[in-house]
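The values are calculated or read from the model by the stated rules, or taken from the named source; none is laboratory data. The shown structure was predicted, so the numbers you read here are calculated from the model rather than taken from an experiment. Ideal geometry is used to build each Cβ from the backbone, glycine not excepted, and the neighbour counts take in all protein chains shown. Accessible surface areas use protein heavy atoms only, side chains included; no ligands, DNA or RNA. Shrake-Rupley method; radii C 1.70, N 1.55, O 1.52, S 1.80 Å.
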Amino acid sequence: MNSFVDAAIEQFARDHTEPENDLYSRLREETYRVMERPQMQVGVIEGLFLKMLVRLMDARAVLEIGMFTGYSTLMMADGLPGDGPLITCEINPKAEAIARKYFAESPNGHKIDVRMGPALETIKTLAGPLDLVFIDGDKVNYSNYYEACLPLLKLGGLIVADNVLWSGKVIDPKDEADHAIVAFNRLVQSDDRVENVCLTIRDGMMLAWKRR
Ligand SMILES: C[S@@+](CC[C@H](N)C(=O)[O-])C[C@H]1O[C@@H](n2cnc3c(N)ncnc32)[C@H](O)[C@@H]1O
């Protein structure tokens with residue numbers, strides 16, 4: 001993943017952001033040591049931003065699509081005022097094993113409900129209403145996740161999608177994933193059911209707020 005922000009500026013922002021605690025540092029270190037494509041993990045600033053959103057919304061019910069080793073999951077669990085649920089979807093058992101180890105160590109890990117299996121199948125089993133949905137799974141299904149989740153989202157709820165700038169490949173899309181991300185951005189932008197803002201945090205985050 002290319003960074004859109006100058007390295008020195010990024011470091012300055014990190015230096016003026018709450019530091020990562022020991023549990024998160026160890027989770028990041030193990031993910032980078034053990035997993036393929038560890039850069040899929042959200043960064044510290046994005047993780048803390050997700051936690052902040054959960055707090056600001058006073059979110060009770062959260063859905064995550066794409067848990068990986070659980071960094072963003074734990075961040076959002078830390079922000080949840082109550083016991084959740086924070087339902088998170090994943091298909092990779094190796095990632096699941098790492099995530100569960102750190103969830104067990106965290107005082108907020110009990111809020112997390114891990115659902116293994118294709119996220120579109122899991123979403124079909126959910127009743128809602130959801131306060132916040134974080135889409136960070138396979139890119140080709142972003143639009144499908146959005147359409148499946150929007151009816152489950154309460155009015156005034158928020159869908160957050162990661163990687164919407166896709167290392168800049170949205171400007172000149174080539175492969176299937178590139179085109180899927182472009183189509184997702186276009187879908188949200190043209191959707192009257194939501195108000196949206198595309199942020200340049202890390203690899204791009206789309207926020208879509210469901211109109212009341
Ligand atoms: C970008 S990573 C998620 C990163 C995570 N949010 C974090 O901060 O560490 C995407 C994850 O989605 C998972 N995934 C891919 N296809 C999926 C599917 N159909 N259903 C559920 N999860 C899926 C992958 O196994 C991968 O772990």
Loop-located chymotrypsin sites (Phe, Trp or Tyr not before Pro) in the range 1-108 whose Cβ has at most 16 other Cβ within 10 Å (DSSP): F4
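Rounded, prolate or oblate: which fits the chain when a ≥ b ≥ c are the square roots of the eigenvalues of the alpha-carbon gyration tensor, with rounded for a/c under 1.5 and prolate only if a/b beats b/c?
Values: a/c = 1.34, a/b = 1.08, b/c = 1.24.
Because its axes are fairly even, with a/c under 1.5, the chain counts as rounded.
At 222 nm, what helix-only mean residue ellipticity would the chain give, in deg cm²/dmol to the nearest 500, using -39500 (n - 2.57) for each DSSP H run of four or more? Walk me through the intermediate numbers first.
Values: 8 runs with 86 residues, N = 212.
Rounded to the nearest 500, it is -12000 deg cm²/dmol.
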For the range 1-112, which semi-axes, largest first and in whole Å, follow from the square roots of 5 times the eigenvalues of its Cα gyration tensor? 22, 18, 12
Among Q189, Q39, Q11, determine the one that fluctuates most according to a GNM of the chain built with springs between C-alpha atoms less than 10 Å apart. Q11
Let me have the relative contact order for the chain, percent, based on Cα pairs under 8 Å that are six or more residues apart. 18 percent
Residue order for M116, M52, M205, M57 - accessible surface, 1.4 angstrom probe, largest first: M52, M116, M57, M205
Pairs of Cα atoms under 8 Å, at least six residues apart: use those to get the relative contact order of the range 1-100, whole percent. 25 percent
If every alpha-carbon in the range 87-184 counts as one equal scatterer, what log10 I(q)/I(0) does Debye give at q = 0.11, 0.16 1/Å? -0.39, -0.79
Counting only pairs 8 or more places apart or on different chains, how many lysine pairs in the chain have C-alpha atoms closer than 18 Å? 6
Only bridges with both residues in the chain count here: give the DSSP antiparallel percent, nearest 5. 40 percent
Rounded, prolate or oblate: which one fits the range 61-104, using the alpha carbon gyration tensor with axes a ≥ b ≥ c (rounded when a/c is under 1.5, else prolate when a/b beats b/c, else oblate)? prolate
What is the sum of charges around G70, taking Lys and Arg as +1, Asp and Glu as -1, for the other residues whose C-beta is under 10 Å from the C-beta of G70? -1
Summarise the accessible area of the chain (1.4 Å probe, protein heavy atoms) by the percent that is carbon and sulfur. 55 percent
Using the Kirkwood radius over C-alpha pairs as Rh, can you work out the diffusion coefficient of the range 145-212 via Stokes-Einstein at 4 °C, viscosity 1.567 mPa s, in µm² per second? 106 µm²/s
What does the net charge come to around R55 if you take all other residues with beta carbon closer than 14 Å to its beta carbon, with K and R at +1 and D and E at -1? -1
Residues with amide H under 5 Å from that of D203, placed H, sequence gap 5 or more: N163
Net charge around L187, counting only other residues with Cβ within less than 12 Å of its Cβ (Lys, Arg = +1; Asp, Glu = -1)? -1
Solvent-accessible area per residue for the range 18-168 at a 1.4 Å probe radius, Å²? 40 Å²
